[in-house]
Protein chains: 2
Amino acid sequence: MSKGILEFWYEFASTYSYLSVMRIEALAVEHKIKIAWKPFLLGPIFKEQGWEDSPFNIYPAKGRYMWRDMERLCNKRGLVFKKPTVFPRNGLLSARIAILGRNESWGTAFTKKVFEFNFVEDAEIGDIEKLDVILQSLNLDSKEIITQSQSKANKDKLKKQTEEAKQLGIFGSPSFIVNDEVFWGDDRLEDAINYLKEFN
Amino acid sequence: MSKGILEFWYEFASTYSYLSVMRIEALAVEHKIKIAWKPFLLGPIFKEQGWEDSPFNIYPAKGRYMWRDMERLCNKRGLVFKKPTVFPRNGLLSARIAILGRNESWGTAFTKKVFEFNFVEDAEIGDIEKLDVILQSLNLDSKEIITQSQSKANKDKLKKQTEEAKQLGIFGSPSFIVNDEVFWGDDRLEDAINYLKEFN
C-alpha cells in the first residue's frame, strides 16, 4: 500500500487497460494526484481460477460483448482502436521491461507505446524485435534494457509483484488500489480517484 | 427488439441489478424514455458456460470484490443494502410473477419490492409465503396471481424470454438492449440511455 498514491495495476494484454493507460496521466494532472504504475501478469491469476486462456475467449458471449464495448468506448473517447488479430498477446517481456522502468523517466512512455502497438498497430508485443523498436523510438539503450529485464533479479520482481496483486485481491486488469481498497475496471477509475481525494 | 424503448433485462438474484432497479424509473422520467422490464433467468445461461453457481461464489476474489463494491456503490447513492445471508437466492417464482405482470400496472412495483426483500430485508424470495406477502402488500389478488404465474403458458413465456436473452447475447444481469445493442452492467445504463436518445 502506498499512502496518498493511486496504484494502477495493469496487464499488457488487457483491452480495458488500454482505456486507462490512455487517460490516467491527464486525470492525475487534473486531480493533482500521484500514480504508481504497477505492471503484473494476469496469466498466473487466471490459471489459479482454472482458466488457461482469457475469459473473453473461454466465454464467447462475454468476448463478443467486450469487443463491441471497446469499440463503442474508444469511439466515444476519440481513441483509435483496432481489434488485435491475436488475443491475448503475451505480455511477459513487456511487463519485465516495464517493471525495470517503473521508477525511470521512460517507464510510462514505454507502457503507452506497448499498448498502442497492441491495440492500435495490431503488432506483436511479445517479440524482442518489436520491443527493441519501441525502446529505440524512445532513444533508450534497448539492448541493455532488454538484457537487464531478463536478469533473474528483475524476473523475480515481476513474480513478486504478481504475487502481491493476488494478495491484494486483484483478479482482473485494470485494477486501482487506494488505501488497500480495490477498484476494478476502467469504469471505476473516477471512483478510485474520489476515494483517494477523500481520505488523504 | 423494441424500437424507441430501452429494454431492461434483469435476474432477481443479481446484486448489481438491484442498483438499476432502484434508479431506472427516475432516469426514464428525466430522459423521457420508455423502459420495457424484461425478467429472465441467468441460471440456464450460466449452466451453458459450465457454472452451476454464481461466478461470485465460484471465484472467491471476484465475489469478495463484488460485495465490497456493492457496499461502496449503495453508500454513494444513499441506498440501503444488506448483504443477503443466502446468495444467490432462487428467483424462479419471482420471475414467473414478474413476467405475468410485465404489462400490468403492478409489475414494476412488484419487482422493486422483491429486490428490496432480497437486498434490504435479507428475506427469502423463492418462497410462496414471502411472495404472497409482497403481492398482498400491493393490494393484489395474490392467490390468483401465484396460480396464474405457475400455469404452463406463463412458465413457457419465461423460458422463451430467457432463450431470447441468450439469443441477444446477454450473459449477465443487468443488461440493457437498445436497437439490438447490448449494454452490460449498471455502470453502462447511462451509455444505453444516450444511445437510445441518439438513434431515435
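Being under 16 Å from A:LEU158 (Cα atoms) and out of contact with any Phe, Trp or Tyr (no Cβ under 8 Å at 6 or more places or on another chain) is a property that A:ARG96 has. A count restricted to region A:83-125 and to residues that are under 16 Å from A:PHE8 (Cα atoms) and among the aromatic types (Phe, Trp, Tyr) stands at 2.
Of all residues in region A:47-80, those being facing chain B (nearest Cβ under 9 Å), among the aromatic types (Phe, Trp, Tyr) and not in a helix (DSSP H, G or I) number 1. Checking every residue in region B:116-128 against the condition of being under 19 Å from B:LYS152 (Cβ atoms) and hydrophobic (A, V, I, L, M, F, W, C) gives at least one match.
Scanning region B:35-44 turns up one or more residues that are open to solvent by 10 Å² or more (accessible area, probe 1.4 Å), more than 30 Å from A:LEU168 (Cα to Cα), within 14 Å of another protein chain (Cβ to nearest Cβ) and not aromatic (Phe, Trp, Tyr). Residue check: B:GLY169 meets all listed conditions (1) touching a residue at least 40 places away in the same chain (Cβ under 8 Å); (2) on the phi > 0 side of the Ramachandran plot; (3) touching a strand residue (DSSP E or B) at 6+ places or on another chain (Cβ under 9 Å) but one, namely (1).
Of all residues in region B:58-75, those that are in contact (Cβ under 8 Å) with a residue 24 or more places away in the chain have Cβ atoms under 7 Å from Cβ atoms of residues that are in a helix (DSSP H, G or I) and open to solvent by 20 Å² or more (accessible area, probe 1.4 Å), 6 or more apart or on another chain, in B:MET66/B:PHE56. Taking the criterion of being more than 9 Å from every other protein chain (Cβ to nearest Cβ) and within 17 Å of the chain's Cα centre (by Cα), the residues of region A:179-189 that qualify are A:ASP186, A:LEU189.
Which of the residues spanning region A:17-46 are closer than 20 Å to A:CYS74 by Cα and either assigned to a strand (DSSP E or B) or within 9 Å of the chain's Cα centre (by Cα) (or both)? Residues satisfying the conditions are A:SER17, A:TYR18, A:SER20, A:VAL21.
Restricting attention to region A:45-70 and to residues that are closer than 20 Å to B:PHE171 by Cα and of a type in the set (Asp, Glu), the residue that is least open to solvent (accessible area, probe 1.4 Å) turns out to be A:ASP69.
The values are calculated or read from the model by the stated rules, or taken from the named source; none is laboratory data. Every value quoted in this text rests on a predicted model; they were computed, and no experiment measured them. With ideal geometry, Cβ positions are generated from the backbone for all residues, glycine too; neighbour counts draw on all protein chains shown. All accessible areas refer to the heavy atoms of the entire protein, side chains included, with ligands and DNA or RNA removed. Shrake-Rupley method; radii C 1.70, N 1.55, O 1.52, S 1.80 Å.
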